[in-house]
Every structure is written in C-alpha cells, then in structure tokens.
Amino acid sequence: HTTAFMTPSIEALEKEFNISIEDNVKEQLAHPSMYVRCQDNFGNYNKKEFTINFCVKSGPDLTPAEISATKPISGAILKYGTTETPLTIWMNEPTTCRYDVLDKENYDDMEKIMVCDNSVLDFDDFGWPCKTTLTDLINDTNNIYIKCKDQPWLIGTENEINRNPNTESFIYILYSSKSELKIDSIKVKNVSSGFEPIAVTLEAETSGGINDGESLCSYSFTGVEKNLIGFKESLSNKHKQIFTSMMGGNYTIYIKCRDNAGNSDTGNISFSVDVDTQAPIVVRAYNLGGQLAIITDEEAKCY
C-alpha cells in the first residue's frame, strides 16, 4: 500500500500565514506520527492502529525543486496540425517556473513565465501545479526547456538570493504527427448465399497518423458518431469485423478510425446482402454429339 503527502517547511508556513510558530509546535511538526488501520473485504481490521514515527529534517533549503508529473506526459504525440496545447507540470514544492524553446543558462533568461499555484495549501496528488499554453508548435519534435525557483515566499525580501534555481533545464518533449490518419479502403466479403443468416466480413485499412496508420476502428449501422462499436480485430493498420448473422437486404456501415494522438478519419460503405431462394431453372436441354447438354438460367451444378 503506497501513499504520498507533502510536509511544508516551518518557514513556508510562517511566511504564508504571517504567523510565528512556537518552539513546542515546531518540535511536533519536525517529529510527526502517522496512524494506520487496514481492513479486508470481510470487514476485519486492526483495532489498534499501527504507528509510524518519522522526522522532517530541519535546516536551510539547499535543494532545487523537481518536476513530479506532467500533463500531457513528456514524449506524447500530438494530433496532426496542432499548433498549441495546454501544459501542466507539478512540482515537489512551491515554485515559480519559466520555459523557453532554447536551453538558456540562467532561470531569469528563460523567455516565458508559467502560472504557478505556490501557496503551501495548493498541492494536490502530484504536487504544486504550474500551467501554461504552449504555442507555435511544429509538425515535428518540440523541445521545451523548463527551469524553476523554489521558496517563492522570499520574493522581494533580502533573502531572495537564497532561492534555489534549477541549474539544468528539464527537457519536456512533444512530438507531432507528420500526417493525417486516412482510411484507405473499406470492403465487405461474402454478401451472397443460398440461406440466411449470412456471415459477412468487413475489412478496412488505414495509413498515416502515428506509426503508419496504427489505430482503433469502430463501426455503426446508424451513423458515424452514433452507437460506435470497436472492430473485433483492430489496433493496427488493418481492421476486421465478422458479422455472423446478417439477413438479406441493403446496408450502410459507417466507420471511424482514431489513433492515440487524436487523428481520425471517417468513411462508409453501402452494399446488399443477396439471398438466393430460387432453384436454377433448366431453360434448354439438347443432344450435343451424343452427349446431354443443359443450359440453366444461373450458374449451377447439375446431377
């Protein structure tokens, strides 16, 4: 069982709330305890809690902030033609952050500023969030360089020099699809039979997008955005669905394919399922050089 939690420094609490914490409270904050109970599926639990004692190291903050999570994740692939996207990073402590498309040596030289929630109470499951909208993205590899400074409560004070900047940039990478996803072909097989129901095979092929057309295709008989059902065989550039109990009649199947970057394409195919319920008719029988010759009104086997 794993969990995570934040422990703001005493200095951060005092600056944030403009208070002076007494020594005995500081001692409690430096030596906290956690109490744990666990319960199984049958309702059994440990009636005496398990106690975890630990220490929070006191002293000056000498360590730069670190990124604990990003959304989208670094290395994500964007939809073709995307020129901007929101970005959220989470820090392991309150910070101010800047970024640039060039790897600048100093934090203050980074061109663009992120909007950071840096109150000690602003943390969530991943840490303290900083947000921005990345613009001017290209259909290729986009490298974003990020640097942050911790202890934002020291801004404008004589101790601002004690803030710890990142000396090395965190390199955040976004890839862009180099082409649109395209449905190259849609076809059906086995659309005629002498009995019902008929097994009809639907096949589609895709290209482009990410990874040469690798995508998930879905189908619907009612419309391209209605009641979509995933192909039984998909998640590649070839997609296959077998309908085992189709009856005779006219059909239109709508298809939508989408890859992991959000590229998508739609298409449809109309076809008839023919059920031949009439036996072949002999339209002529004659003697052909001593052999019986028979002509029927459709392709058949005669015995």
What is segment 109-197's relative contact order, in percent, from Cα pairs under 8 angstrom and six or more apart in sequence?
-> 25
Send over a whole-number figure in Å² for the accessible area per residue of segment 1-51, probe 1.4 Å.
-> 89
Carbon and sulfur %, accessible surface of the chain computed with the full protein complex present, 1.4 Å = 49
DSSP loop GluC sites (Glu not before Pro) with at most 16 other Cβ within 10 Å excluded, longest remaining stretch of the chain | 226-297
Sticking with the crude label model, points 7 Å out along Cα→Cβ, report the distance from F5 to N53 in nm, one decimal please.
-> 1.6
Looking only at aspartates and glutamates whose Cα falls under 12 Å of K187's and that sit 8 or more positions away or on another chain, we get E203, E205
Pairs of lysines in segment 1-157 (C-alpha under 19 Å apart; 8 or more residues apart or interchain) | 16
Per-residue ellipticity at 222 nm for the chain, helices alone: DSSP H runs ≥ 4 residues times -39500 (n - 2.57), over residue total, nearest 500 deg cm²/dmol?
-> -1500 deg cm²/dmol
Counting DSSP beta bridges in segment 49-183, what percent are antiparallel, to the nearest 5?
-> 90
In the calculated pair distance distribution of segment 231-286, what percentage of Cα-Cα distances lie above 12 Å?
-> 79
Can you give the three extents of the C-alpha atoms in segment 68-155 along their principal axes, from longest to shortest, in whole Å?
-> 41, 30, 16
Surrounding net charge for N237, when Lys and Arg each add one and Asp and Glu each subtract one, Cβ distance under 11 Å | -3
Measure off 7 Å from each Cα along the Cα-to-Cβ vector at V115 and I73, then give the distance between these two points in nanometres to one decimal.
-> 2.7
Dividing the Cα radius of gyration by the Kirkwood radius, what Rg/Rh value follows for the chain?
-> 1.29
Might you list the cysteines of the chain that have no disulfide-compatible partner by the rule of another cysteine's Cβ under 4.7 Å?
-> C38, C55, C302
Provide, for q = 0.20, 0.22 Å⁻¹, the log10 of I(q)/I(0) from a solvent-free Debye sum over equal Cα point scatterers in segment 152-286.
-> -1.11, -1.23
Ignoring the sites themselves, what is the longest stretch of the chain with no trypsin sites (Lys or Arg not before Pro) in a DSSP loop and at most 16 other beta-carbon atoms within 10 Å?
-> 105-177
Of all chymotrypsin sites (Phe, Trp or Tyr not before Pro) in segment 192-281, which ones are in loop regions per DSSP and have a Cβ with at most 15 other Cβ atoms within 10 Å?
-> F195, F221
Farthest toward the dipole's positive end in the chain, which of L174, Y303, S68, given Cβ charges of +1 (Lys, Arg) and -1 (Asp, Glu) about the Cα centre?
-> Y303
So, over other residues within a Cβ distance under 12 Å of S264, counting Lys, Arg +1 and Asp, Glu -1, the net charge is 0
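The values are calculated or read from the model by the stated rules, or taken from the named source; none is laboratory data. The structure displayed is predicted, hence computed values, not measured ones. We place every Cβ from the backbone using ideal geometry, glycine too, and count neighbours over all the protein chains shown. Accessible surface areas use protein heavy atoms only, side chains included; no ligands, DNA or RNA. Shrake-Rupley method; radii C 1.70, N 1.55, O 1.52, S 1.80 Å.
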